[in-house]
Amino acid sequence: TVNAEFCYWGTLLAGIEMARSGTTTFSDMYYFEGDMARATDELGLRAVLGQTIIGFPAPDYKSPKDALVGVEAFVKRWKGHALITPSIAPHALYTTDVETVKAAAGLAKRLGVPFQIHANESPAEDEAVRGRLGGTSFEVLEREGLLGPNVILHHGITLSAEQRETCAERGVGISHNVESNMKGASGLLDLQATIDAGVAVGLGTDGGAGNNNLDMFEEMDTCAKIHKLQAGNPAAMPARQVFELATLGGARALGLEKQIGSLEVGKRADLVLIDLSAPELTPLYDVYSQLVYAIKGGHVETVIVEGRVIVKGREVQTVDTAKVVAEARAIQAKILSALASFRAERAAKAKAKRSD
């Protein structure tokens with residue numbers, strides 16, 4: 001089911017959701033990333049797009065060796081684009097062998113592009129990787145000399161204090177996907193300690209399979225509240241700090257802080273305009289509290305990326321939303337049909353086995 005068409009239309013659908021809820025820049029790692037880049041370009045969003053390399057046959061490449069060849073072509077095709085930063089993204093050390101991960105990191109370094117990988121996602125992951133490789137994902141990456149600037153670790157929940165300091169020293173970025181971590185019962189990053197260590201942390205939603213929505217306003221709200229609960233302190237993780245994680249913090253984690261993340265002379269013209277006239281947003285006393293605790297993606301009125309209006313009056317201006325939704329529903333029908341066939345076949349086999 002996962003093919004180029006699936007990834008192209010899925011990216012358009014997700015991009016519409018992100019644009020309408022005020023996200024101007026996102027990071028991704030998946031299959032058929034060239035088709036996802038094409039969709040992102042049509043949407044007019046900014047993105048760091050990582051072609052996934054994984055240690056078994058995947059929908060786009062049948063082997064890690066083929067994927068390494070394909071990712072180099074992908075990077076060369078999109079490098080230098082005004083909005084798209086191509087990236088190399090081995091999935092994880094529990095799905096991909098160390099030599100492939102090392103080859104991917106070396107290729108990223110040679111081509112001068114970001115290197116993304118899932119790491120230290122949960123205690124269960126740590127145990128699995130330690131059993132195979134003699135250390136957690138972070139420890140193996142450090143042992144192999146793969147940590148440094150332009151490296152983005154997704155999740156990093158189980159990092160120790162010493163490892164957080166290493167991330168800061170090496171310029172490693174971390175994406176914090178709090179709602180996804182909660183949904184998967186993976187654990188909770190010690191966010192304040194990570195920030196205090198000097199690590200570049202950006203707030204993310206994770207993908208639709210891990211979260212079910214891509215609303216960064218909701219993510220900020222959840223992030224602030226869960227970390228107050230974690231600390232046992234209502235003053236912990238104040239709204240202004242959380243808002244920075246979703247803006248300049250994210251830009252730092254992606255290595256784009258000189259271009260985006262704040263409204264400054266010389267940076268790119270990425271802007272989000274919000275209608276504050278709604279009753280639920282009235283009255284307004286503190287703008288950061290309003291942004292984090294009250295405003296939702298549905299309050300976004302206008303989105304501008306690189307000086308181009310891509311959302312106006314809550315309507316996406318760059319692609320045909322109705323067509324994208326129709327295509328997504330058609331793909332849904334194919335998936336449901338395939339699932340029904342699979343279940344019927346499985347039931348028939350089980351019945352035959354009982355008859356034997």
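Cβ under 10 Å from Tyr8's Cβ, Tyr8 left aside: what net charge do those residues give with Lys, Arg +1 and Asp, Glu -1?
It works out to a net charge of -3.
Relative contact order for segment 42-159: what is it in percent, counting Cα pairs under 8 Å that are at least 6 residues apart? Kindly include the intermediate steps, with their values, before the conclusion.
Details: 186 pairs, mean separation 27.4, N = 118.
Reported as a whole number, the value is 23 percent.
So what is the calculated 222 nm ellipticity per residue for the chain, using -39500 (n - 2.57) for each DSSP H run with n of 4 or more, over all residues, to the nearest 500 deg cm²/dmol?
Working: 14 runs with 166 residues, N = 356.
Result for the chain, helices only: -14500 deg cm²/dmol.
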Which loop chymotrypsin sites (Phe, Trp or Tyr not before Pro) in segment 265-356, with loop taken from DSSP, have no more than 10 other Cβ atoms within 10 angstrom of their Cβ? Tyr285
For Lys79, the lysines lying under 28 Å Cα to Cα, once residues fewer than eight places off in the same chain are dropped, come out as Lys62, Lys65, Lys102, Lys109, Lys258, Lys267
17 Å cut-off, amide nitrogen to a point 7 angstrom out along Ser277 Cα→Cβ, residues in segment 305-347: 312-315
Which aspartates and glutamates have a Cα lying under 14 Å from the Cα of Lys225, excluding residues fewer than 8 positions away in the same chain? Glu179, Asp190
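Measuring with a 1.4 Å probe in the full set of protein chains, what accessible area per residue, in whole Å², belongs to the chain?
Details: 16750 Å² over 356 residues.
It amounts to 47 Å² per residue over the chain.
Ignoring ligands, DNA and RNA, what percent of the accessible area of segment 162-288 is carbon or sulfur (1.4 Å)? The partial results should precede the final answer.
Numbers: 3410 of 6330 Å².
Carbon and sulfur: 54 percent of the exposed surface of segment 162-288.
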As an exercise, find the ratio Rg/Rh for segment 296-356 from alpha-carbon atoms, using the Kirkwood inverse-distance average for Rh. 1.42
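Using alpha carbon coordinates only, what is the Rg to Rh ratio of segment 105-204, with Rh defined as the Kirkwood radius? Walk me through the numbers before you get to the answer.
On the way: Rg = 12.9 Å, Rh = 13.6 Å.
Result: Rg/Rh = 0.95.
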Using the Kirkwood radius over Cα pairs of segment 241-339, the Stokes-Einstein translational diffusion coefficient at 4 °C and 1.567 mPa s, in µm²/s and rounded to a whole number, is 80
In terms of the Cα gyration tensor, with a ≥ b ≥ c the square roots of its eigenvalues, is the chain rounded because a/c is under 1.5, prolate because a/b exceeds b/c, or oblate? rounded
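Using the scaling law 2.2 N^0.38 Å as the reference, what is the normalised Cα Rg of segment 227-295? Provide the component values of the computation, followed by the final result.
Working: Rg = 14.4 Å, N = 69, 2.2 N^0.38 = 11.0 Å.
It is 1.31.
What is the sum of charges around Glu257, taking Lys and Arg as +1, Asp and Glu as -1, for the other residues whose C-beta is under 15 Å from the C-beta of Glu257?
Numbers: positive: Arg46, Arg252, Lys258, Lys267, Arg268; negative: Glu244, Glu264, Asp270.
With Lys, Arg at +1 and Asp, Glu at -1, the neighbours total +2.
Can you give the net charge of the other residues whose Cβ lies under 15 Å from the Cβ of Gly131, counting K and R as +1 and D and E as -1? Can you show the working numbers first?
Details: positive: Arg130, Arg132; negative: Asp97, Glu125, Asp126, Glu127, Glu139.
Spelling it out: positives minus negatives among the neighbours equals -3.
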Relative packing of peptides 295-307, 328-340 - highest average C-beta neighbours within 10 Å first: 295-307, 328-340
Using a 7 Å offset from the Cα along the Cα-to-Cβ direction at both Ser122 and His81, what is the distance between the two label points in nm, to one decimal? 3.2
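Quick one: plug the Kirkwood hydrodynamic radius of segment 150-216 (C-alpha pairs) into Stokes-Einstein at 20 °C, 1.002 mPa s, and report D in µm²/s.
Values: Rh = 12.1 Å.
This corresponds to a translational diffusion coefficient of 177 µm²/s.
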Pull up the cross-link candidates among the lysines for Lys334, meaning alpha carbon to alpha carbon under 19 Å and not fewer than 8 places away within one chain. Lys323
Sites Ala235 and Val2, calculated FRET efficiency, Cβ-Cβ separation with R0 35 Å, nearest 0.05: 0.20
Provide the FRET efficiency to the nearest 0.05 for the Tyr293-Ala350 pair, computing r from the beta carbons and using R0 = 35 Å. 0.10
Magnitude of the Cβ-charge dipole (Lys and Arg +1, Asp and Glu -1) of the chain about the Cα centre, nearest 20 debye, reported as 900
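The values are calculated or read from the model by the stated rules, or taken from the named source; none is laboratory data. Since we're looking at a predicted model, the values are computed, not measured. Every residue, glycine among them, receives a Cβ derived from its backbone with ideal geometry; neighbour counts consider all protein chains shown. Calculation scope for accessible area: heavy atoms of the full protein, side chains included, ligands and nucleic acids excluded. Shrake-Rupley method; radii C 1.70, N 1.55, O 1.52, S 1.80 Å.
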